[in-house]
Amino acid sequence: TSVLEAPSAALEPAVVLAVQISTDLEEPNEPTTADLVRRRNKIKKIHKWFGITTWALTTLTVASGFVQYYNQYGWYQSQSTNPCVTGNAWPTQNQCSGTPTGHLTLSVLAGAAFFTTFGLSFAMPDPLGVSEGDSKFAKRLRAHKALRWVTFAGFIAQIALGLVTANSEWFGLDRANNYKTLRAIATAHLTVGFVTWGSLTAQGALMVF
């Protein structure tokens, strides 16, 4: 060896390990297409069952809301002729006063299930672009995605209208003096409920048929 050559530096194993760890931290491995497809399939299964649960709970919520509406307002009847006043509330007169606990519980559960389903739809990666193109499935999936915004808006509106309907006194409204106003709000609440249920049903049908 020439005396002019610098001796080669011997690196300690700990130094080599530290450099390797630093490199790994600086350059994380990107998930492969296969990884993303596996992730999508896992989330899709959860999304599907949350969607079915949301539909079932929403159906029960709308049904219980319809009963509540009928008891308090009949077929858009007057203050003196609705079932609660005439003693014909179904299934009992207990539906005419107090907090509608059953309907409230169902609405909270339906909302929780929907917003979870909604969030999962954004968590699913689409590395293969299955929602793109002109295939029948791609078109159905795009329609499914578009309808989720209709359903989302419906749930938000339902929460707002339900809050006013169930707590009218907070807003200075009562059945004795503001019957027609409350009836109009309740009618809007029920109508939005049916529209939301219809949108949700269409979303499910697009993925089933």
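The values are calculated or read from the model by the stated rules, or taken from the named source; none is laboratory data. Being a predicted model, the structure only gives us computed values, none of them experimental. Neighbour counts are summed over all protein chains in view; Cβ atoms, including those assigned to glycine, are modelled from backbone coordinates with ideal geometry.
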*asked:* Take Val85 and tell me if it is part of a helix (DSSP H, G or I) and modelled with pLDDT under 90.
replied: no
- Task: Please verify whether segment 116-138 includes one or more residues that are of a type in the set (Lys, Arg), surrounded by 14 or more Cβ atoms within 10 Å (Cβ to Cβ) and assigned to a helix (DSSP H, G or I).
- Result: no
Take Leu141 and decide whether it is under 18 Å from the mean Cα position of the chain (by Cα), more than 22 Å from Val62 (Cβ to Cβ) and crowded, with 16+ Cβ neighbours inside 10 Å. yes
The one condition Tyr76 fails out of (1) assigned to a loop (DSSP other than H, G, I, E, B); (2) in contact (Cβ under 8 Å) with a residue 24 or more places away in the chain; (3) over 30 Å from Ala160 (Cβ atoms); (4) not aliphatic (A, V, I, L, M) is (3)
Leu161 vs (1) among the hydrophobic types (A, V, I, L, M, F, W, C); (2) over 23 Å from Ser78 (Cβ atoms); (3) in a helix (DSSP H, G or I): all pass except (2)
Quick check: is even one residue across segment 178-194 at pLDDT 95 or above and not in a helix (DSSP H, G or I)?
yes
By residue number, the members of segment 146-185 that are of a type in the set (Lys, Arg) and surrounded by fewer than 14 Cβ atoms within 10 Å (Cβ to Cβ) are Lys180
